[in-house]
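Notes follow the structure.
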Amino acid sequence: MAVDRRAFLRISSLATVGVGGGQWLLAAPGRIAPEALSPRGKSLKAERWGLVIDIRKCLDPDLRNRCVKACHKAHNVPDFRNKDGTPDRKNEIKWIWEEPYDRVFPSQYHEFLAAELSHVSVLTLCNHCGNPPCVRVCPTKATFRCDDGIVAMDSHRCIGCRFCIAACPYGSRSFNWKDPRPRIKEINPDYPTRTKGVVEKCNFCSERLAEGKLPACVEAAGDSGALIFGDLHDKNSKVRQLLNSRYTIRRKPELGTEPAVFYVV
Amino acid sequence: MLAKALVGGRRYYGWIVGLLAAIGVGLLCYLYQFMNGLGITGMSRDIIWGFYIAQFTFLVGVAASAVMVVLPYYLHNYKEFGRITILGEFLAVAAVTMCMLNIFVDMGQPLRALNMILHPSPNSVMFWDMIVLAIYLLLNLVIGWTTLDCERNGVPPPKWVKPLIYLSIPWAVSIHTVTAFLYCGLPGRHYWLTAILAPRFLASAFASGPALLILLCLVVRRFSKFDPGRRAIQNLALIVVYATIINVFFVLLEFFTSYYSGVPSHRHGLQYLFFGYEGHAPLVPWMWFAAILAALAILILLSPSKRQNESLLALACGMVFVSTWIDKGLGLIMGGFAVTPLETVAEYRPTIPEVLISVGVYAIGALVLTLLYKIAISIKEEPQAL
């Protein structure tokens, strides 16, 4: 019997309500088996993925631009612009982008900050929190945390209530106010496009990790050492070595979200 | 009983037709939004909730306020409210209907609304809000309808209604508490991240809801032979004034904590709303207007002689209603969103289709309320069999 994906999801959701109710599976929000996400043997695996961004190695605007472009191209992120070419602040979608230092770290900023830091642009993206408020508030488990620490989105399940955007203290999530497809310059057939009315965000390139590739932004940064990606639970990983040797900060640590993105200042 | 809603004069039918027209316009605008996405509203990447969610939050308060007539009548045997409990219950039904519609029109993928039930997520406050609102709607509909039917037939209400009535009292508190939890459990939205949000919601609910109920009572008395009773209205007015005072007190507490502690992020919301933040001050006149209305309404309603003057009473109730509508509507939403997580400032201006959709939702609520009140009043106007 042929079962397509939709039918499978329908049957499995009914089964979850029927059987899962008894097992109290519902009380464990947003947990799914890791093998469901990385079925291929050559995939990169980690206990918890993490990213270190070295701000001083990111000073080159071309480098930052390359990272943003690589990500947005790989994930079919639409480019909403006003007629004069400036970003359309109302409708824009962004997975990784740059912001001034004082916006990324509002509580770290002070008037005597070294001039080179106060004017610097910093890459910012989803922090793939260890304790993600977006996952906590989602009423349909359309956003969930995988066993490798990646906070992922199922755009097919998202009802577009935007509670997750309200919950994210980093402004890392975007909503498709309009149909994104006409605004995608060149569609990458290897990654799905989204529809209007759903939320989207950085997925740490889980689709690339499954194929044994590093995230697009990390790959775009190349040998610059600006973006280092790896397993936070592996003592010998490059991220851990960097975290051991350099002083790093995270965005809004006081909120208890436990970001997996670290910054070398 | 439904047949009673169909019998009415020209004015009644004119009003119904007017409401249907507003609903039709709202429906057309909603179809436009359905085809093109929520981009047709004024909402943006930073201001992700707007007019719809503002009306939702405000109307949950109106719905909860039914408890202010139910509680004195059923728990304290305050007879004067016996005549108007049905008006409070049916107001709650109409208000919850509007709440649900406001949530629905705010959804990006409304056809997937049932995902809330297919994938129940007890970790999400929205899941609980859906449950408490749906049950509250049922409670009020069942209680109101049953007691009214018994009144028509001149028999006492069946025994099973009593436990439902008692349940509806804490349930009213729960709907507004859970709605406050939608907001006050979010890290990084400092205007909402305050334990007093739920009490503040309840205080403003018990001000705005009974204020609307007084206005409705005055309208009912004017257009029908049913008199809700002068003492009932006067005692509702007392509830309105003390709830308004408590609400204002709570807002002042927020000001103290935010400003005296000196923590910038705790101050941003209030600063944006009442004084302007980094040159952005679109809501400042609105918030001060709301503050002045609340102050004037308190002055009018505290004085017994002024309160007993029903024109002044109506004016004061209108002021309380508008004041809380501003404070708990767009004020609440913008206080939380205007200063973004990156500490930039974002602006929001509802679009015309967005407002027309909201008007359509209000018209549906008004239609539900009109039909239910028509039935209730027709029965109250009949000579009592008992």
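Read-outs: derived from the displayed coordinates by stated rules, not from any lab. What you are looking at is a predicted structure, and each value in this text was computed from that prediction instead of being measured. As a convention, Cβ positions derive from the backbone with ideal geometry for all residues, glycine included, and neighbour counts pool all protein chains shown.
Here are some notes:
- Residue order, fewest to most surrounding Cβ atoms within 10 angstrom, among B:MET319, B:MET130: B:MET130, B:MET319
- Using the rule -39500 (n - 2.57) for each DSSP H run of four or more residues, divided by the residues of chain B, the 222 nm mean residue ellipticity is -25000 deg cm²/dmol.
- Simple rule: put +1 on each Lys or Arg Cβ and -1 on each Asp or Glu Cβ in segment B:190-295, find the dipole, and look at B:PRO210, B:PRO199, B:PHE255; the Cα lying farthest toward the positive end is B:PRO210.
- Modelled spin labels at A:LYS69 and B:LEU28, positioned 7 Å past Cα toward Cβ, are 4.7 nm from each other.
- Check: segment A:40-264 dipole with +1 on Lys, Arg Cβ and -1 on Asp, Glu Cβ, in debye: 600
- Euclidean distance between Cα centres, segment A:51-118 to segment B:268-330, Å: 41
- Restricting segment A:43-129 to trypsin sites (Lys or Arg not before Pro) that sit in a DSSP loop and have at most 10 other Cβ atoms within 10 Å of their own Cβ leaves A:LYS83.
- DSSP beta bridges confined to the protein assembly as shown are antiparallel in about 85 percent of cases.
- Zero-based 10 Å bins, Cα pair distances in segment B:2-381, whole percents: 5, 23, 33, 26, 11, 2, 0
- Under DSSP loop assignment and at most 15 Cβ neighbours within 10 Å, longest trypsin sites (Lys or Arg not before Pro)-free interval of chain B: B:226-386
- Shielding by partners, peptide A:102-109 (average Cβ within 10 angstrom, other chains): 3
- Neighbour cut-off at most 13 other Cβ (10 Å), DSSP loop, chymotrypsin sites (Phe, Trp or Tyr not before Pro), segment A:102-208: A:PHE112
- Computing FRET efficiency as 1/(1 + (r/R0)^6) for B:ALA134 and A:GLU47, where r is the C-beta to C-beta distance and R0 is 41 Å, gives about 0.50.
- Counting, for every residue in A:244-252, the Cβ atoms of other protein chains within 10 Å of its Cβ and taking the mean gives 1.
- The B:GLU381 and B:TYR259 beta-carbon pair, evaluated with R₀ = 51 Å, returns a calculated FRET efficiency of approximately 0.40.
- Relative contact order of segment B:2-381: 31 percent, from C-alpha pairs under 8 Å at least 6 residues apart in sequence.
- Most fluctuating residue given options B:ALA237, B:ALA203, B:ALA195, as computed from a GNM of chain B linking Cα atoms under 10 Å: B:ALA195
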